[in-house]
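Peer 1: Shown below is the structure under consideration.
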Amino acid sequence: MCAAALEEYCGSVFWNASFLDREDPDLPVCVEQTVLVWIPLGFLWLCVPRHLVSLCRRTKAKTKHMSKLYFCKQLVASLLFLTAIASLGVTLGEDFGPDRDTSSTVKNAGVYYANPVLYAVTWILVLLCQEVVRRREGAVDSATLFTFWLLLVLCDIFPFQTLLREALKLGTINDVPRFCLFYITYGLELIALILSVVADIPPEDEERVKKNPEAGATFLSRITFNWFHSMVVKGYKRPLVQEDMWELSAKDSTSYLNEHFQHFMNLELGEARVRYQEKLKKKRVKNRDKVHGESFQNGLGKGVSQDVLMMENKQMEKRRKRTRRRRKNNYPNAWLITTIYKTFKWILIESAFFKLLQDLLAFASPQLLKLMISFTHDQTRHTWEGYVYAVLLLVVAILQSLFLQQYFQRCFVLGMKVRTAIMAAVYKKALVVSNDVRKETTVGETVNLMSADAQRFNDVTNFIHLLWSCPLQIILSIVFLWLELGPSVLAGLAVMVLMVPINGLLATKVENMKYKDKRLKIMNEILNGIKILKLYAWEPSFQTQVEDIRGEELKVMKKFAYLTSVSTFVFSCAPALVSLATFAVFVGVSPNNVLTAEKAFTSISLFNILRFPLAMLPMLIAAIVQTSVSRKRLEKFLGGDDLESDIIHHDPSFDTAVSISDGSFAWEREAEPLLKNVSLDIKPGRLVAVVGAVGSGKSSLISALLGEMHATKGFINIKGSLAFVPQQAWIQNATLKDNILFGSPHEERKFEEVIEVCALGPDLELLPGGILTEIGEKGINLSGGQKQRVSLARAAYSEADIYLFDDPLSAVDSHVGKHLFDKLIGHNGILKNKTRILVTHGVSFLPHVDEIVVLVDGKVSEVGSYKSLRASKGAFSEFLDIYAKEQRNQNHSDDGEPGDDAQPDCPLEDTVSATLKRENSIRRSQRNGSVRLRKNSSFKKPEAELNKGQKLIEKETMETGQVKFSVYMQYMRAMGWGYTITVFVVYVIQNIAFIGQNLWLSDWTNDAVDYFNITYPDWKRDTRVGVFGVLGIAQGLFVFLGTLLMAKASVAASRILHSRLLNNMLRVPMFFYDTTPIGRVVNRFAKDIFTVDEAIPQSFRSWLMCLLGVLGTLLVICLATPFFTIVIIPLAVVYFFVQRFYVATSRQLRRLDSVSRSPIYSHFSETVSGLSVIRAYGHQDRFLQHNETTIDENLKSVYPWIVSNRWLAIRLEFLGNLVVFFSALFAVISRKSLDSGLVGLSISYALNVTQTLNWLVRMTSELETNIVAVERVSEYTELENEAKWVSDTQPPEKWPKDGRVTFEDFKVRYRPGLDLVLHGISCDIQSTEKIGIVGRTGAGKSSLTNCLFRTIEAAEGRILIDDIDISTIGLHDLRNRLTIIPQDPVLFSGTLRMNLDPFDRFSDDDIWRVLELSHLKEYVTGLQEGLQHEVAEGGENLSVGQRQLLCLARALLRKSRILILDEATAAVDLETDDLIQNTIRKEFSHCTVLTIAHRLHSIMDSSRVMVLDAGRIVEFDSPSNLLEKKGHFFAMAKDAGITQDGITSL
């Protein structure tokens, strides 16, 4: 019916089978005029409304520039419009024209009127569409138009050849006008197609496109990833660097993603919190009844007997465990996944669409293969059918490749975006997180949230669609297989289904994160406290700790590796077993079932499709299980409580600057308040001192004012902005200038003034780069005093209203302290009109403050001025009476002796400037007499001149170019050669078995021809099935063996590489740590070791299997169709080039990725450690932005890497598609000589090769990428070591007996190439002498002690201890015999006992004794666990004073003859200071003691004092002699208020 209507419409036959049933087939003209016209036009008409809507919507057209290209496009469309009108004219002319043939009544058919009209309308639509594209923001071409032109050109090929063939056959042209018009139109269409591929970039966008070529990529370029070409070429010519990276598009930037993610997260989290609260309510009701019973029982047992107490303890333990378990789940959960889904909904939907198309196309190939085999089988069929199938195979494969790559691109970008969003969210959360949450996660764990857990999400989202795609593929495969083989498929299916749970069981793998976290935590601490480990010679103890954890970790790894090999065995046997089961059942069910080539190879292609989803599902499930662990961790952290923002009110109506009304504050929700019932009012512009003993809550008061504590009652009001100087200065890894400006704009005058006031001028002279000197992580290249002054300068520069100083003056020398107080904090300082709250231990400042707050045990005991508190005889006057003698000295100097200047203030100011001036003059004379005039801008050096030493942190070295073969050798050596070779051989045998099995199958299918119409003998059947099965099982066994050996070898390699790295890192000299950020070293232990453990063995195995797979495939195709060898060579060449280009670029991008990743983590851990400072200044937003830029820098190398993979994949898949095409083509050409079994074999193999080729390159590059980890690890195992720990010359057992120290013309520099720090020091120190070492910051005091311990080695000269040259003995022999109480008290997480005695050399009694001597006994006895009390990371849960006392206890334990005190009393109040001094005097009376002092009164009783200045000894004599000399020492003593008369009273 329909056909008849069409025939009338065309005026010719619509369809007749005879058209095709001949050697040179053709389509009927009617089909060409209707169907082939409607396809492209229909497509355009469907798509047009969307474009035109936007044209109507935009009333105000952006007059975008009209390019030449645009004019050309419009011209072509207009010309086409004219051709349409012309052809309509021809028809009208023929029917109604003056010279028409009047005799014939036959008019032209309807189609000759309809088509020109359709075309005319279409060309007008095209004109409009091109205008729409021109106006559209950021559009360079139109996908719709490109597709339309392409369809049009393809559809018009048929009439093109029909007309030509007809003309050639007849020798003349029948219908000249239409013939000409058609070819003119075709030419124009081709031109239009070519124009539609060219990008039309408006001039205003050219800059943008230069920075990000993707923005200017056309549709064709986007689907083939051609726009990425320039990057690949650049990467091939020379190694890429960060500057080559392109800008991110706005949609991929961190800030955009974060904003969206936060929006949805807040909604979801809100709902989750509501759900959580409801759950809690229900629980409370349930618990209420339970508690009644329990409390009653407990009430009875108090004080009955020991047993009952024991029982009670056990019950307490149980309860504690229960609460701990409960605590694990007490956070709002199940909101993260929905948030991610809602944020990235559209990408998910798009990628799902592409995946669906690709899955459906995948099943077209086996069907085409079937047709192809039956075609070669039946010699009577026309040859052109074969060519059609070959072309169809190619087209299907190309479409499949395009869809697949678009899907992958979207998924990987989605993964990247999810990772970015999570990282940004974690960072943002870390800035506002409450102390309860902070206490539960260490810095290391939070960094892990950002690195490992975010990465997990990244990996899972890459493959998330497989959750529905795998089942879909499995169902479709089964349906098609059923059609092939009928019910016997169920046998194969049963085998598969049995395999899945086995894999599933193996996939829910053992949890390895636990040990990894533990190991990284310890490594982090070791690296942070490396100086202490070296000074105490404690490295071996910590090394064994790490090695033990690593051992556990490797045990788990080994277990996992064995499980994997079992699952690999099962998996590699699967296809063989499945096809065996299916074929055996198929053949065995009835004698009529004969296995033909079509059936066998179509089934095998389908089984191949099946392999993938079945392999992926268990892996995916395992990954999801792991991610759910990460999800919990992230939800717990991100869902935790924020700091309460309402503790602190900012009510401007108060007349006080700071007021606390009846507040009690605790560190945690449930904890006891530390500060109880505090009420305090501070008027604006006052200077208030806060004093009290160690642990009385002074620092907590400051924290409360900053809003860092939890208010149990009361509130705080603060009027104005805050600046905060913490007790331990927090310094960023940036230039000195950035540290002081801290985000404020630079004003030269103010900056100079601040530097002057903070006494930083002379330090800037010393620092190699002046204010542009880069400061290492944690301020590593500044001394304690310098850090503190930078921290003060930052506060002073910030111009806040209220200043909180948490004891900053204790870390600096006394005269500098005095200078800082006078110039900065005191009544004549630059902050004199601001409100200042100063926590202090320095009694000397107290008379100069407006008000003093005295804290005792967390309560305010008195408030008042100095005089009134002295008079009231309360806690404060007791506090002072201990120091009465010091007070007396103070009075002496204050009276001003007649010889002194009359104005009491003047001399002080002069001494400081005199000291500074003197230092400068000395330094100037040092500079080879080149006098540099000091103008006002003394520390502004020309910024261009970067001299050596200014850049402290060297840029992370990044290997470039190809990974050296030696690195692979190194890894294989670590695995063991025996293993490596065996593995290789085993895999080769496995591959041979695989090929053998398939050849056997192709031979088997030929039986169908041989036994045609004859009964199939049973013995033959059994042989066929048997051999097939045996070969299949053999493959599995060999793979199992190979994987097992590989697992053993790789664990061995992991062990060797890690212990080498650890071993070396502990033996590296100290200056390495000064110049290397810790994050970089941690990165080696985290990311790189992780890669060596897990990624390398996997990629090594996959690479080997892929390589052998590809070689096998090519071999089989060549066996089947020898012609194929001709094609192999050009394909191999192209393949090789693509691969080389890609690998060079990809490898470098990976390296850039890992290098640009470190700053994210180091910036993060820096932020976490400086949280209170950042919050106090209110700079959260600036840090958030900085974090966003850091992540963006990283994304700039991650995104191109993702694209590079797609760029490669699409090119390789085209190659693979060509392999399929050619193997099909040659099969058609030589079908006379081939049997159908081999054709099936070669094409089904070829269909597989696309994927394997792709994998091979991916694996090669992944292996190269991953092997970089070995390279990076070995780079750190080959670093220069310090001297041997134990050398051949052992000092005598009891050395040093007397403790004499002699320096002989000793010179030293920190690193080769830097200036000397000590310039020829010579002195003798006798046994049991007490030496005080003084000098301004940077004079070389600490360097002197470093030399004694040989953390820096001598440049010239030597040090003798008891006449033994210390450079001749082992470092541990030396360091074990000396004792130091260091400047920063560093503690490690672990028990208290471990912190005192990591080697377990002493008994508990010894330890209790030293705890008593160091006044910690009552504190430790008060702890529940006593000596087993867990110290938090970095000793966070002890006060700074207590940490210092613990260091004293360490020293007391070691009892060596030489003790060095390095500013040990800096962080302690005067009371504790007194305790320490007395203990040292008593316990170390028989030792030689060197004290580096800041407070002069602590060394006034020394036997001699050494005054250092700029690395030389300027004075060395007893204190009284030095005071008479009135030199350097006298000047210092005078600042500290110590005079001749004062000494006698000491």
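The values are calculated or read from the model by the stated rules, or taken from the named source; none is laboratory data. Here the structure is a predicted model, which means the values were calculated and not measured. A quick note on method: Cβ atoms are made from the backbone with ideal geometry, for glycine too, and the neighbour counts reach across all protein chains shown. Just so you know, the surface numbers come from the protein's heavy atoms only, side chains and all, with ligands and any DNA or RNA stripped out. Shrake-Rupley method; radii C 1.70, N 1.55, O 1.52, S 1.80 Å.
Peer 1: Can you give me the ranges of the strands (runs of 3 or more DSSP E) entirely in the stretch 1276-1366 with at least 3 residues that are over 30 Å from Lys818 (Cβ atoms) and among the aliphatic types (A, V, I, L, M)?
Peer 2: Qualifying strands (runs of 3 or more DSSP E): 1354-1361.
Peer 1: Of all residues in the stretch 1063-1092, which are over 16 Å from Ala1269 (Cβ atoms), hydrophobic (A, V, I, L, M, F, W, C) and in a helix (DSSP H, G or I)?
Peer 2: Leu1066, Met1070, Phe1071, Phe1072, Ile1078
Peer 1: Just give me the residues in the stretch 189-223 being of a type outside the set (A, V, I, L, M, F, W, C), without any contact (Cβ under 8 Å) to a residue 60 or more places away in the chain and more than 18 Å from Arg1206 (Cα to Cα), in sequence order.
Peer 2: Glu206, Glu207, Arg208, Lys210, Lys211
Peer 1: May I ask you to verify whether Leu1453 is assigned to a helix (DSSP H, G or I) and either over 21 Å from Asp813 (Cβ atoms) or open to solvent by 20 Å² or more (accessible area, probe 1.4 Å) (or both)?
Peer 2: Considered against the rule, which asks whether it is assigned to a helix (DSSP H, G or I) and either over 21 Å from Asp813 (Cβ atoms) or open to solvent by 20 Å² or more (accessible area, probe 1.4 Å) (or both), Leu1453 comes out as yes.
Peer 1: State which residue is most open to solvent (accessible area, probe 1.4 Å) when the search covers only the stretch 608-656 and only residues that are hydrophobic (A, V, I, L, M, F, W, C) and more than 25 Å from Gln455 (Cα to Cα).
Peer 2: Among those residues, the one meeting the criterion is Phe654.
Peer 1: While we're here: Does the stretch 1245-1265 include one or more residues that are of a type in the set (Phe, Trp, Tyr) and crowded, with 21+ Cβ neighbours inside 10 Å?
Peer 2: For the stretch 1245-1265, residues of a type in the set (Phe, Trp, Tyr) and crowded, with 21+ Cβ neighbours inside 10 Å: present.
Peer 1: While we're here: Any residue in the stretch 744-754 that is in contact with a Ser or Thr (Cβ under 6 Å, 6 or more places away or on another chain) and open to solvent by 40 Å² or more (accessible area, probe 1.4 Å)?
Peer 2: Checked the stretch 744-754: no residue is in contact with a Ser or Thr (Cβ under 6 Å, 6 or more places away or on another chain) and open to solvent by 40 Å² or more (accessible area, probe 1.4 Å).
Peer 1: All but one of (1) farther than 30 Å from Thr773 by Cβ; (2) polar (S, T, N, Q); (3) part of a loop (DSSP other than H, G, I, E, B) hold for Thr712, so report the exception by its number.
Peer 2: The single condition Thr712 does not satisfy is (3).
Peer 1: What's the number of the only condition in (1) more than 57 Å from the chain's Cα centre (by Cα); (2) crowded, with 18+ Cβ neighbours inside 10 Å; (3) assigned to a helix (DSSP H, G or I) that Phe14 fails to meet?
Peer 2: The one condition Phe14 does not meet is (3).
Peer 1: Among the candidates Tyr1142, Tyr1135, which residue alone is open to solvent by less than 30 Å² (accessible area, probe 1.4 Å), among the hydroxyl-bearing types (Ser, Thr, Tyr), touching a Leu at 6+ places or on another chain (Cβ under 7 Å) and assigned to a helix (DSSP H, G or I)?
Peer 2: Criteria check complete, one pass: Tyr1142.
Peer 1: Starting from residues that are modelled with pLDDT under 90 and charged (D, E, K, R), keep the ones in the stretch 530-548 and report whichever is farthest from Thr1351 (Cα to Cα).
Peer 2: Only one residue fits best here, namely Glu539.
Peer 1: Turning to a different aspect of this structure: Is there a residue being open to solvent by 10 Å² or more (accessible area, probe 1.4 Å), outside any helix (DSSP H, G or I) and not β-branched (Val, Ile, Thr) anywhere in the stretch 813-829?
Peer 2: Checking the stretch 813-829: at least one residue is open to solvent by 10 Å² or more (accessible area, probe 1.4 Å), outside any helix (DSSP H, G or I) and not β-branched (Val, Ile, Thr).
Peer 1: A further question follows. Can you run down the residue pairs with Cβ atoms below 9 Å, 6 or more apart or on separate chains, where the first is in the stretch 642-665 and within 28 Å of Tyr427 (Cβ to Cβ) and in contact (Cβ under 8 Å) with a residue 12 or more places away in the chain and the partner is among the basic types (Lys, Arg) and surrounded by 13 or more Cβ atoms within 10 Å (Cβ to Cβ)?
Peer 2: From residues that are within 28 Å of Tyr427 (Cβ to Cβ) and in contact (Cβ under 8 Å) with a residue 12 or more places away in the chain, the pairs are Asp642/Lys429; Leu643/Arg1175; His650/Lys719; Phe665/Lys676.
Peer 1: Step by step: first the residues of the stretch 1180-1221, then only those that are among the charged types (D, E, K, R) and within 18 Å of Phe1136 (Cβ to Cβ), then the one that is surrounded by the most Cβ atoms within 10 Å (Cβ to Cβ). Which residue is that?
Peer 2: Among those residues, the one meeting the criterion is Arg1211.
Peer 1: Okay, moving on. Looking at the stretch 774-810 only, could you name the residues that are open to solvent by less than 10 Å² (accessible area, probe 1.4 Å) and on the phi > 0 side of the Ramachandran plot?
Peer 2: Answer for the stretch 774-810, where residues must be open to solvent by less than 10 Å² (accessible area, probe 1.4 Å) and on the phi > 0 side of the Ramachandran plot: Gly779, Asp807.
Peer 1: Of the conditions (1) surrounded by fewer than 22 Cβ atoms within 10 Å (Cβ to Cβ); (2) closer than 23 Å to Val856 by Cα, Val690 satisfies every one except a single condition; which number is it?
Peer 2: Condition not satisfied by Val690: (1).
Peer 1: Any residue at all in the stretch 1428-1440 that is at pLDDT 85 or above, hydrophobic (A, V, I, L, M, F, W, C) and open to solvent by less than 20 Å² (accessible area, probe 1.4 Å)?
Peer 2: Looking for residues that are at pLDDT 85 or above, hydrophobic (A, V, I, L, M, F, W, C) and open to solvent by less than 20 Å² (accessible area, probe 1.4 Å), one finds none in the stretch 1428-1440, hence no.
Peer 1: Over 29 Å from Asn998 (Cα atoms) and in contact (Cβ under 8 Å) with a residue 24 or more places away in the chain, is that true of Thr1113?
Peer 2: no
Peer 1: Continuing with this model, one more query. State yes or no: is Ser1343 polar (S, T, N, Q), within 21 Å of Val1308 (Cα to Cα), surrounded by fewer than 21 Cβ atoms within 10 Å (Cβ to Cβ) and touching a strand residue (DSSP E or B) at 6+ places or on another chain (Cβ under 9 Å)?
Peer 2: The answer is no for Ser1343.
Peer 1: Sticking with this one: Being of a type in the set (D, E, K, R) and touching a residue at least 40 places away in the same chain (Cβ under 8 Å) narrows it down to one of Asp141, Asp175, so name that one.
Peer 2: Result of the check over Asp141, Asp175: Asp141.
For every residue, the table says whether it meets (1) among the small types (Gly, Ala, Ser); (2) under 16 Å from Thr147 (Cβ atoms); (3) in contact (Cβ under 8 Å) with a residue 60 or more places away in the chain.
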position: Val13; (1), (2), (3): no, no, no
position: Ser18; (1), (2), (3): yes, no, no
position: Pro25; (1), (2), (3): no, no, yes
position: Pro28; (1), (2), (3): no, no, no
position: Glu32; (1), (2), (3): no, no, yes
position: Val35; (1), (2), (3): no, no, no
position: Pro40; (1), (2), (3): no, yes, yes
position: Leu46; (1), (2), (3): no, yes, no
position: Val53; (1), (2), (3): no, no, no
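Peer 1: From (1) buried (at least 18 other Cβ atoms within 10 Å of the Cβ); (2) more than 30 Å from Tyr341 (Cα to Cα); (3) more than 27 Å from the chain's Cα centre (by Cα); (4) not aliphatic (A, V, I, L, M), pick out the condition that doesn't hold for Pro203.
Peer 2: (1)
Peer 1: Let me ask something additional. Check Thr224, Thr218 and return the single one that is over 29 Å from the mean Cα position of the chain (by Cα), β-branched (Val, Ile, Thr) and farther than 30 Å from Ala84 by Cβ.
Peer 2: Checking each option against the conditions leaves just Thr224.
Peer 1: Identify, from the list Val117, Val140, Val132, Val106, the residue that is open to solvent by 60 Å² or more (accessible area, probe 1.4 Å), modelled with pLDDT under 90 and of a type in the set (A, V, I, L, M).
Peer 2: Being open to solvent by 60 Å² or more (accessible area, probe 1.4 Å), modelled with pLDDT under 90 and of a type in the set (A, V, I, L, M) holds for just one of Val117, Val140, Val132, Val106, which is Val106.
Peer 1: Next question, about the same structure. May I ask you to verify whether Asp453 is modelled with pLDDT of 85 or more, open to solvent by 50 Å² or more (accessible area, probe 1.4 Å) and assigned to a helix (DSSP H, G or I)?
Peer 2: In short, no.
Peer 1: Follow-up. Would it be correct to say that Met557 is under 24 Å from the mean Cα position of the chain (by Cα) and closer than 23 Å to Ser1162 by Cα?
Peer 2: Considered against the rule, which asks whether it is under 24 Å from the mean Cα position of the chain (by Cα) and closer than 23 Å to Ser1162 by Cα, Met557 comes out as no.
Peer 1: Next up: Tell me the residue from Tyr387, Tyr427, Tyr407 that is over 21 Å from the mean Cα position of the chain (by Cα), buried (at least 21 other Cβ atoms within 10 Å of the Cβ) and not small (Gly, Ala, Ser), please.
Peer 2: Exactly one of Tyr387, Tyr427, Tyr407 is over 21 Å from the mean Cα position of the chain (by Cα), buried (at least 21 other Cβ atoms within 10 Å of the Cβ) and not small (Gly, Ala, Ser), namely Tyr407.
Peer 1: Quick one: is Gly1320 closer than 30 Å to Pro1519 by Cβ, crowded, with 21+ Cβ neighbours inside 10 Å and not hydrophobic (A, V, I, L, M, F, W, C)?
Peer 2: Spelling it out, it is not the case that Gly1320 is closer than 30 Å to Pro1519 by Cβ, crowded, with 21+ Cβ neighbours inside 10 Å and not hydrophobic (A, V, I, L, M, F, W, C).
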